[in-house]
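S.K.: If you scroll down you'll find the structure; I have some questions about it.
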Amino acid sequence: MATVGAFNSLKIGSTNPIFSQIRTTIETAFYRNNVAYINTVKEAYNLAVNSPGTIITDMSIFKPEKIGLDKDAKVLLFNDGEVTGRCAAARKIIRQTDTNKDEYAALLREAVYNTRYKKMYHATAVVGLDRDFMVRAHLLIPKGHENILYNWLLNFQYFNEEYIEMYKHSKLIQGEGDIYIFSDPDWRDERHPLGLTLFEPQKNCAAILGMRYFGEHKKGTLTLAWSIANRNGYICCHGGLKRYNLDNGKKFIVGVFGLSGSGKSTLTHERHNDKFDISILHDDAFIISTENKTSIALEPSYFDKTQDYPSSCKDNKYLLTVQNCGATMDENGKIVLVTEDIRNGNGRAIKSKLWTKNRLNKFDEPINAIIWLMKDPSLPPVLKINNPILAATMGATLATKRTSAERLAKGVNKDSLVIEPYANPFRTYPLAEDYEKFKDLFKNKKVNCYIFNTGFFMDKKISKEITIGLLDSIVEGKADFEKWGNFSGIEIVKIKGFIPNLLDENYVSELIKGIKYRINFISDLNYKDNGVDKLPEEAIDCLNNLIKEIIEVNKVEYKLKVAL
């Protein structure tokens, strides 16, 4: 089996590296006499149906038997209160060198104790959908939050007969225990007004406290699964992956990496007017083998925004559950959804795996291209990065804008440019590990790197049609790339209305500003959190070289003093 869930009595104790104070506190809570085990997704559905506040819509689930549900199952809607997004400011990662482990362990013991009078539900799922990588995960959550439990079992893979058998024959991941997550959305502590998501990634455990939003539970589980993958020869990817099945048996696999709202789901599921035969791995979470570049999906279903799907949209046929959306009654007296973020920002839904016609859980063919999705006004619609160091560095300094998917701490400007390395705010290990793995893909595994700007170029919006057209041309090998100015290792496609002028002082100032922003970000990593995310000097060197190349193009250095 993949991860360890039971131990030989001789291996139980302080000498076993799987155990720790925090992990033991969390796992122990699962064995109390106020805990009920939920065996099937049907049982979870029935609990959610009867949970106070659930709205049972009149929308039938498409082919529910394929999901493990009864034929009369309906789409369930459940709404949170004020909070409808994730909160990075509430995240605490316990590292091996932390001196405050005892403080958090005490806090956690008290949180567990305070649930003793509550009925608790224990559910189990698998993360990773191929025998090469399967991790067993456990969730413990109080009565009253049945919709989170149900969503969790739908989002990941519940253990049906097929997956019980697969897991029995899955590859053993040496030295890794099962994932254990303790959740109490009702928890309150004045020391943590935003709540607390506490991770000990080396021990595969977490506590999610004071968090009602389902996305915290989804990404919390993925955070630990990605940590396991990183330690065992994989690159962790927060993005979408699709395969173009071209003529003459050729395949072209492209990954798109971006935060919520950047277009990763849109590009992953884009059908290109059916001009291509396409297979989808996933639109949010997958891993790439560092050995052979094969890719594995971590989840069967899709956690998608409802903003772009009006109530009449045909894609709503594949909804399983909906969170933080409105409801109304149609002309036939049926309860239906009010989407498009009318009620609040970041309305969400879990969509069935049946949404994609050609869904696969593993791509045996190696990945061909990676696209960093950014919203940086200094960048044209597309760049091709031919320097592996620069390609990895631009991924490590992926710049975008915040979205309604995030719950921000007070005083944070949601409109400011923000850097999120590799579009993955859920990394729990040193950033340099991702940097070196992606650099190896670009340098030694011959993977091409592109940057798509899906926001504004200066003050002009880059349309979805332009982005999709560029993706089409890359897949078909028809993209007309040419050297960009004096830059070594960067090419662009000249698109009317979006051609960067390196002799225009206003534009060049904006471009250098963006580069300097990245340089400062990398420099700060040397000191933040004792330098745990420090990058090699070559990362800053390649960015400084870009500025030198800009100055050479302009030839008149004094014009750039303001930008520098």
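The values are calculated or read from the model by the stated rules, or taken from the named source; none is laboratory data. Since the structure is predicted, the reported quantities are computational estimates derived from the model, not experimental observations. FYI the Cβ positions are ideal-geometry reconstructions off the backbone, even for glycines, and counts take in every protein chain you see. Each accessible area value is taken on the protein alone, full model and side chains, heavy atoms only, with ligands, DNA and RNA left out. Shrake-Rupley method; radii C 1.70, N 1.55, O 1.52, S 1.80 Å.
S.K.: Determine the pairs where a residue that is within 21 Å of ARG427 (Cβ to Cβ), located within the stretch 529-548, has a partner that is modelled with pLDDT under 95 with Cβ atoms under 8 Å apart, the partner being 6 or more residues away or on another chain.
M.R.: Taking only residues 6 or more apart or on different chains, the pairs are ASN530/THR97; VAL532/ARG95; LYS534/ASN526.
S.K.: Could you check the stretch 71-111 and list, in sequence order, the residues that are more than 18 Å from THR223 (Cα to Cα), touching a Leu at 6+ places or on another chain (Cβ under 9 Å) and assigned to a helix (DSSP H, G or I)?
M.R.: TYR104, LEU107, LEU108, ALA111
S.K.: Residue under question is PHE438, and the condition is that it be outside any helix (DSSP H, G or I), within 24 Å of the chain's Cα centre (by Cα) and touching a residue at least 40 places away in the same chain (Cβ under 8 Å); does it hold?
M.R.: Here the answer is no, as PHE438 does not meet what is asked.
S.K.: If we keep just the residues of the stretch 85-97 that are in contact with a strand residue (DSSP E or B) (Cβ under 9 Å, 6 or more places away or on another chain) and open to solvent by 20 Å² or more (accessible area, probe 1.4 Å), which is modelled with the lowest pLDDT?
M.R.: Kept after step one, since they are in contact with a strand residue (DSSP E or B) (Cβ under 9 Å, 6 or more places away or on another chain), are these residues of the stretch 85-97: 85-88, 90-95.
Next, from what is left, pick out any that are open to solvent by 20 Å² or more (accessible area, probe 1.4 Å): 86, 88, 91-93, 95.
Working: ARG86: 91, ALA88: 89, ARG91: 95, LYS92: 94, ILE93: 94, ARG95: 84.
That would be ARG95.
S.K.: For LEU224, state whether it is out of contact with any Lys or Arg (no Cβ under 8 Å at 6 or more places or on another chain) and either closer than 24 Å to GLU110 by Cβ or modelled with pLDDT under 95 (or both).
M.R.: yes
S.K.: While we're looking at this one, here's another question. Which members of the stretch 36-56 meet the condition of being within 18 Å of LEU140 (Cα to Cα) and part of a helix (DSSP H, G or I)?
M.R.: Answer for the stretch 36-56, where residues must be within 18 Å of LEU140 (Cα to Cα) and part of a helix (DSSP H, G or I): VAL41, LYS42, GLU43, ALA44, TYR45, ASN46, LEU47, ALA48.
S.K.: Looking only at the stretch 308-329, how many residues end up being touching a Leu at 6+ places or on another chain (Cβ under 7 Å), open to solvent by 40 Å² or more (accessible area, probe 1.4 Å) and assigned to a loop (DSSP other than H, G, I, E, B)?
M.R.: Matching residues across the stretch 308-329 total 1.
Per-residue answers, yes or no, for (1) of a type in the set (Val, Ile, Thr); (2) under 24 Å from LEU543 (Cβ atoms); (3) without any contact (Cβ under 8 Å) to a residue 24 or more places away in the chain:
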{"position": "SER473", "(1), (2), (3)": "no, no, yes"}
{"position": "GLY485", "(1), (2), (3)": "no, yes, no"}
{"position": "ILE492", "(1), (2), (3)": "yes, yes, no"}
{"position": "SER509", "(1), (2), (3)": "no, yes, no"}
{"position": "LYS513", "(1), (2), (3)": "no, yes, no"}
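S.K.: If you don't mind, another one. Could you look through the stretch 441-468, keep only residues that are assigned to a loop (DSSP other than H, G, I, E, B) and of a type in the set (Lys, Arg), and pick out the one that is surrounded by the fewest Cβ atoms within 10 Å (Cβ to Cβ)?
M.R.: LYS446
S.K.: Follow-up. Any idea which of (1) in contact (Cβ under 8 Å) with a residue 60 or more places away in the chain; (2) assigned to a helix (DSSP H, G or I) is the one PRO500 doesn't satisfy?
M.R.: If we test PRO500 against (1) in contact (Cβ under 8 Å) with a residue 60 or more places away in the chain; (2) assigned to a helix (DSSP H, G or I), just (2) comes out false.
S.K.: Looking for whichever is under 30 Å from GLN307 (Cα atoms) and open to solvent by 60 Å² or more (accessible area, probe 1.4 Å) here; the options are ASN8, ASN50. Which one fits? Show your work before the answer.
M.R.: Working: ASN8 fails: under 30 Å from GLN307 (Cα atoms).
Going through ASN8, ASN50 in turn, just one is under 30 Å from GLN307 (Cα atoms) and open to solvent by 60 Å² or more (accessible area, probe 1.4 Å): ASN50.
S.K.: Next question, about the same structure. For the stretch 139-176, which positions are open to solvent by 50 Å² or more (accessible area, probe 1.4 Å), charged (D, E, K, R) and assigned to a helix (DSSP H, G or I)?
M.R.: Residues satisfying the conditions are GLU161, GLU162, GLU165, LYS168.
S.K.: Related question: Please go through the stretch 493-519 and pick out each residue that is β-branched (Val, Ile, Thr) and under 28 Å from the mean Cα position of the chain (by Cα).
M.R.: Within the stretch 493-519, the subset β-branched (Val, Ile, Thr) is 493, 495, 499, 508, 512, 515, 519.
Those that are β-branched (Val, Ile, Thr) and under 28 Å from the mean Cα position of the chain (by Cα): ILE515, ILE519.
S.K.: Regarding GLU365, is this residue more than 30 Å from VAL49 (Cβ to Cβ) and not in a strand (DSSP E or B)?
M.R.: yes
S.K.: Check off (1) within 24 Å of ASN292 (Cα to Cα); (2) in a helix (DSSP H, G or I) for TYR429 and give me the number that stays unchecked.
M.R.: (2)
S.K.: State whether the residues of the stretch 206-215 include one that is under 30 Å from ALA396 (Cβ atoms) and surrounded by fewer than 24 Cβ atoms within 10 Å (Cβ to Cβ).
M.R.: yes
S.K.: Any idea which residue in the stretch 469-493 is surrounded by the most Cβ atoms within 10 Å (Cβ to Cβ), counting only those that are under 17 Å from ARG271 (Cβ atoms) and touching a helix residue (DSSP H, G or I) at 6+ places or on another chain (Cβ under 7 Å)?
M.R.: LEU471
S.K.: I'd like the residue in the stretch 254-282 that is among the aliphatic types (A, V, I, L, M), farther than 15 Å from ILE468 by Cβ and modelled with pLDDT of 95 or more and, out of all such residues, is surrounded by the fewest Cβ atoms within 10 Å (Cβ to Cβ). I'd like the intermediate steps shown before the answer.
M.R.: To start, the set of residues in the stretch 254-282 that are among the aliphatic types (A, V, I, L, M) comprises 254, 256, 259, 267, 278, 280-281.
Going one step further and asking which of them are farther than 15 Å from ILE468 by Cβ, we end up with 259, 280-281.
Within this subset, residues satisfying the condition of being modelled with pLDDT of 95 or more are 280-281.
Working: ILE280: 21, LEU281: 26.
For the stretch 254-282, the residue satisfying everything is ILE280.
S.K.: Please work out which one of (1) at pLDDT 95 or above; (2) more than 19 Å from ILE93 (Cα to Cα); (3) among the hydrophobic types (A, V, I, L, M, F, W, C) is the condition LEU246 fails and give its number.
M.R.: Among (1) at pLDDT 95 or above; (2) more than 19 Å from ILE93 (Cα to Cα); (3) among the hydrophobic types (A, V, I, L, M, F, W, C), the lone unmet condition for LEU246 is (1).
S.K.: Would you say LEU337 is closer than 25 Å to PHE457 by Cα and either touching a helix residue (DSSP H, G or I) at 6+ places or on another chain (Cβ under 6 Å) or crowded, with 20+ Cβ neighbours inside 10 Å (or both)?
M.R.: Spelling it out, it is not the case that LEU337 is closer than 25 Å to PHE457 by Cα and either touching a helix residue (DSSP H, G or I) at 6+ places or on another chain (Cβ under 6 Å) or crowded, with 20+ Cβ neighbours inside 10 Å (or both).
S.K.: Further question on the same structure: Do we find a residue being farther than 23 Å from ILE296 by Cβ, over 14 Å from the mean Cα position of the chain (by Cα) and of a type in the set (A, V, I, L, M) anywhere in the stretch 221-232?
M.R.: no
S.K.: Given the criteria at pLDDT 95 or above, open to solvent by less than 10 Å² (accessible area, probe 1.4 Å) and within 15 Å of the chain's Cα centre (by Cα), does CYS236 qualify?
M.R.: Yes: the conditions hold for CYS236.
S.K.: Yes or no: ILE61 among the aliphatic types (A, V, I, L, M), open to solvent by 40 Å² or more (accessible area, probe 1.4 Å), more than 17 Å from ILE181 (Cα to Cα) and in contact with a Lys or Arg (Cβ under 9 Å, 6 or more places away or on another chain)?
M.R.: Answer is no for this residue.
S.K.: Give the residue, chosen from LYS439, LYS446, LYS478, that is in contact with a Pro (Cβ under 6 Å, 6 or more places away or on another chain), under 18 Å from LYS384 (Cα atoms) and charged (D, E, K, R).
M.R.: LYS439
S.K.: Which one is modelled with the lowest pLDDT among residues in the stretch 390-410 that are out of contact with any Gly (no Cβ under 9 Å at 6 or more places or on another chain) and surrounded by fewer than 23 Cβ atoms within 10 Å (Cβ to Cβ)?
M.R.: Looking only at the stretch 390-410, we keep the residues that are out of contact with any Gly (no Cβ under 9 Å at 6 or more places or on another chain), and these are 392-397, 409-410.
Cutting the leftovers down to surrounded by fewer than 23 Cβ atoms within 10 Å (Cβ to Cβ) gives us 409-410.
Values: ALA409: 51, LYS410: 55.
So the residue we want is ALA409.
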